[in-house]
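Okay, structure first, notes after.
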Amino acid sequence: MTTSLKASDVALRNSVLQELEWTPSVDAANIGVAVSDGAVTLSGEVGTYPEKAQARKAALRVRGVTAIADEITVRANWAPNDTDIARLAGESLEHAVDVPDGAVKATVHDQVVELTGVVSWEYQRRAAYRAVAFIKGVVAVNNHIRIGAPFHQLTAVEAIKAALARNIHVRPDRIHVSATPKATVHLTGTTSSWFEREQAEKAAWSAAGVLDVDNQLRVEIDETD
């Protein structure tokens, strides 16, 4: 039997709260949790941007969570000014081994970092994000880095399907992969957890030249698993 919600909203909320409390990098006392039909809303204030990200990841680890609305805000007790953050961001990007030299620029306004530039792979785009996200005082990161590698539609689809088939965390028979000539990959079907959904999306992003992934996979809990 398959159902979109295995536990009641009350039980699911308790599980999310317990997972937040179990996560050492998160102060669960400052985070509110609301649940409606498996969709979790996180609220409250945290001291750093990484703590906000870790809270979201903790909630996504809980079985039964089908969606996340992240309304947590970052309110650091002390923070450097935008000039200091921009200097630190530039240094972090310069020393990041997975970011091509000179390919990415960072600008800062109101403690929000905006990344621009062109790289060849999604992992380089993510590396640039990680390089600046953990700087003290950063409250958000807008990643506008573009992928500049050539895209081959049929080759990409077959490569993504093969990657899904190799992945122990994914059931590829429940996932349909398609792509447009403009380098957007579409994922449709179902997964048994949010983790599996993210694994499928990561596989899609790993294909050369992908500019966007339209992840429409639905999370459905399979009680026979």
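Remark: spin-label model distance TYR123-ALA140 equals 3.0 nm, labels positioned 7 Å along the Cα→Cβ axis.
Here is the P(r) of region 153-222: all C-alpha pair distances, binned every 5 Å from 0, give 3, 20, 34, 24, 13, 4, 1 in whole percents. The Cα-based radius of gyration of region 2-74, divided by its Kirkwood radius, gives an Rg/Rh of 0.96. Against the empirical 2.2 N^0.38 Å (N residues), region 82-147 has a Cα radius of gyration ratio of 0.96. Only helices enter this figure: runs of n ≥ 4 DSSP H residues, each worth -39500 (n - 2.57), summed and divided by the residues of the chain, yield -11000 deg cm²/dmol at 222 nm to the nearest 500. With the gyration tensor restricted to C-alpha atoms of region 1-131, the semi-axes of the equivalent ellipsoid amount to 34, 19, 11 Å, longest first.
Extension gain for GLU45 to ARG63 (0.36 nm times residue separation, less C-alpha to C-alpha distance): 4.0 nm.
When all alpha carbon pairs of the chain are counted in 5 Å bins from zero, the resulting P(r) reads 1, 7, 13, 14, 15, 16, 15, 11, 6, 2, 0, 0 %.
Which helices, counted as full DSSP H runs in the chain, have an axial Cα extent of no less than 15 Å and a Kyte-Doolittle average of -0.5 or above? Write out the running numbers ahead of the final one.
Numbers: long enough: 9-22 (19 Å, -0.15); 49-60 (17 Å, -0.93); 82-95 (20 Å, -0.56); 122-133 (16 Å, -0.97); 153-166 (20 Å, 0.66); 194-205 (17 Å, -1.33).
Within the chain the helices that satisfy the rule are 9-22, 153-166.
Placing unit charges on the Cβ atoms only, positive for Lys and Arg and negative for Asp and Glu, gives the chain a dipole magnitude near 360 debye about its Cα centre.
Indicate, rounded to the nearest 5 percent, the antiparallel portion of the DSSP beta bridges found entirely in the chain. Walk me through the intermediate numbers first.
Working: 19 of 37 bridges.
Here the share of antiparallel DSSP bridges comes out near 50 percent.
FYI, it's all coordinate maths here, none of it is from the lab. Everything numeric here is computed off the predicted structure, so don't read it as measured data. Every residue, glycine as well, gets a Cβ built from its backbone with ideal geometry; the counts of neighbours run over all protein chains shown.
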